[in-house]
Structures are given as structure tokens and as C-alpha cells.
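Q: So that we are looking at the same thing, I have put the structure below in C-alpha cells.
Read the figures in this text as sums done on the coordinates, not as results from a lab. Since the structure is predicted, the reported quantities are computational estimates derived from the model, not experimental observations. Cβ sites come from the backbone with ideal geometry, for glycine too, and all protein chains shown count toward neighbours.
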Amino acid sequence: MKTNYHTHLKLCGHALGMTEDYVKKAIELGFDEIGMSDHGPIPREWMTPEEYQYNWLERQMTLSDFHQIYLPDIDQAISKYKDKIKILKAIEIEYVEGHDDFYEQLRSHLDYMNLGVHYVFHQKTVYNLYEPINHEEIAYYADNIEKALATGYFKILVHPDLFLFNYTSSAGMHREFDSYARKVALRIIEAAVKNDVALEINAGGIAKQPFWIHGKMERPYPRTEFWKLVKPFAKSGEIKVIIGADAHIPDALGDLNYQKTIEFAKELGIPITDQLRFDK
């Protein structure tokens, strides 16, 4: 692999290093290009103070950080290393409906945006995907993704199977891939196909503690059942699948979890796209 489009900086509050640290590692690994995609700013006024804190937004970059620290930091690295590697400006961000002007403004400064859904709103209630979520509530995740991808703002959907992280099926089985999960998975895949959005197999998930279900070991994500549904679309060329390091330290760009993620895709027979084109 010669690229990575999912890279975080210390501005997110749970990563280490700035752009140059990741660029140096990428050059060492022989990468052709790297996309810097830290968690983008979400305005406080979009939710209550309690919701803002509940969704861990207190520690992420602000809009001021985005303009005054993040973009200049990437530009500095581009200027310094432009002869050695292509560096792309991006963010990973949630989609909150009704604020498209804000997303357009962010997008104007970037090469691409990753959609990373960690929480969704439904009828004034916020559901965080790391908290327990049931068979009815995972449909809100699919609703959010369909609306977000239809805007055309996003080029990659990262960890698309995150909805299974703390899912309890209709039969009361923790993390079971039941008919409701399958329906949500197909809605996500079809939205990605319709809007020409790449799906990411997330190496950060490979590092999560595996669990035992139906006689085999699985991880919360990436989930075998989800990616088996993606496979025919990837093989037919209807959808692009990439490997994302979800790097929070520079070494994650090529560590054992990253290699295991590549093997995960190979074992399932899913063709991987190594390089994407981003046209504004």
C-alpha cells in the first residue's frame, strides 16, 4: 500500500504528532501520498452543552484551530516535502443535517472530506454508536449516512460498520449480525454506490478486543458479515474499497494492525483500491 487517507493529529485530543511526524513516516514507508484527516470542528451551538460533552467534542479542534493551526501546519509540510510525497488536506467529520453551508465552507479549503459517523440525531435525541444501541436505532445510522452521502461533500465513508460496535440484536444478542443489521449494511453500501463514495476497511478496528460469536472470533469492526456484502460490489467495480490506517500515532501507518487489515481484505477476496482521485 502506498497511500493512507485516514490520519489524525494531536489536535483531536486523542492522537500524537502533527503533520510532519506522519509525513516523515509515510516517506520512510515509501508512500506516494498521504491525506491528513483529523476530526473536523463541530460548532457548539448545534447541540446542548451536555450533548457536546457526551460526544467527546470538547477535546477536538475548534473552527479557529482549523484555520489558525491545522491548515497552516499541513501547508508547511506540503511546502517542505512536496518533492518527496503528495500531501492532501482533509478532515473526518460527522454530518449533522441542516448545516450544509458550514460543510461547504470547510470543503472549500480541503481536497476531500471523510464521513465518520460516531453519533446520530433522531427526533431531538442523540445516539452515540459506542453506547448500547438496538435494532430500531441502527436504522438512524443508515438514515444519517444516506443523507450525508447524498450531499456530495464526502469522498470516503470511514469505518462504515461502526454501528455494530455496541449493537444488541432483536433477539438480545450482543453484536449479532441479524436481519436488521443486514438491512442497514445494504442501505449503506447502496448509498456509497449511488454517490460514488469509497468504503474504508478500518485498521483501527483490527486493534479492538475480539469477541466470540456463533463459534468464531470476530472484532467489533471490521465485521466479516458486512464486508462479505460489500465484496460483489467491489468485484464488479461498482464501489471502491480502501484500507485506512486510522492512524493516531505515526507508526500506525504501517504497523501489524495495518498489515492484518490488508490480510483481512485478501482473505475475503475483496479488491482494494490503493489510490483515489479527488476532484472538487
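Q: Of His122, Phe233, His135, which is farthest along the charge dipole of the chain in the positive direction, counting Lys and Arg as +1 and Asp and Glu as -1 at C-beta?
A: Phe233
Q: Separate question: At what distance in nm do the modelled label points of Gln275 and Lys183 sit from each other, each positioned 7 Å from its Cα along Cα→Cβ?
A: About 4.3 nm, to one decimal.
Q: Same structure, new question: Could you pull out every residue, at least 5 positions away or on a different chain, whose amide H is within less than 5 Å of the one on Glu176? Hs are placed 1.01 Å off N in the peptide plane, and Pro or chain starts have none.
A: Those lying under 5 Å, H to H, from Glu176 are Ser169.
Q: Please report Rg (one decimal) and Dmax (integer) in Å for the Cα set of the range 199-280.
A: For the range 199-280, the Cα-based Rg and Dmax read 13.3, 46 Å.
Q: Treating cross-link reach as a plain straight distance, find the lysines whose alpha-carbon is under 25 Å from the alpha-carbon of Lys208, omitting any fewer than eight places away in the same chain.
A: Lys2, Lys10, Lys25, Lys183, Lys216, Lys228, Lys231, Lys240, Lys260, Lys266
Q: Which residue, Leu268, Leu164, Leu16, tops the fluctuation ranking in a GNM of the chain built on C-alpha contacts under 10 Å?
A: Between Leu268, Leu164, Leu16, it is Leu268 that shows the largest mean-square fluctuation.
Q: Can you pull out the chymotrypsin sites (Phe, Trp or Tyr not before Pro) in the range 24-58 whose DSSP state is coil and whose Cβ has at most 16 other Cβ atoms within 10 Å?
A: For chymotrypsin sites (Phe, Trp or Tyr not before Pro) across the range 24-58 that sit outside H, G, I, E and B with at most 16 neighbouring Cβ atoms in 10 Å, the list reads Trp56.
Q: Also, quick follow-up: Hey, got a sec? Which trypsin sites (Lys or Arg not before Pro) in the range 108-184 land in a DSSP loop and have at most 14 other Cβ atoms within 10 Å?
A: Answer by residue number: Lys124.
Q: Can you compute the helix-only [θ] at 222 nm over the chain? Use -39500 (n - 2.57) per DSSP H run of at least 4 residues, normalise by all residues, nearest 500 deg cm²/dmol.
A: -10000 deg cm²/dmol
Q: On to the next question. Quote the charge dipole size of the range 1-103 about the Cα centre in Debye, to the nearest 20; the model charges only the Cβ of Lys and Arg (+1) and of Asp and Glu (-1).
A: About 660 debye.
Q: Right, another one. Give me D for the range 14-129 in µm² s⁻¹, whole number, from Stokes-Einstein with Rh from the Kirkwood sum over alpha-carbon pairs, 25 °C and 0.890 mPa s.
A: Diffusion coefficient, whole number: 159 µm²/s.
Q: Could you tell me what a quarter of the Cα convex hull surface of the chain works out to, in nm² with one decimal place?
A: Taking a quarter of the hull surface, the average projection is 13.8 nm².
Q: Hey, got a sec? Which trypsin sites (Lys or Arg not before Pro) in the range 81-115 land in a DSSP loop and have at most 10 other Cβ atoms within 10 Å?
A: Lys82
Q: Placing +1 at every Lys and Arg Cβ and -1 at every Asp and Glu Cβ, with all other atoms neutral, what dipole size does the range 3-268 have around its Cα centre, in debye to the nearest 20?
A: Dipole of the range 3-268, to the nearest 20 debye: 760 debye.
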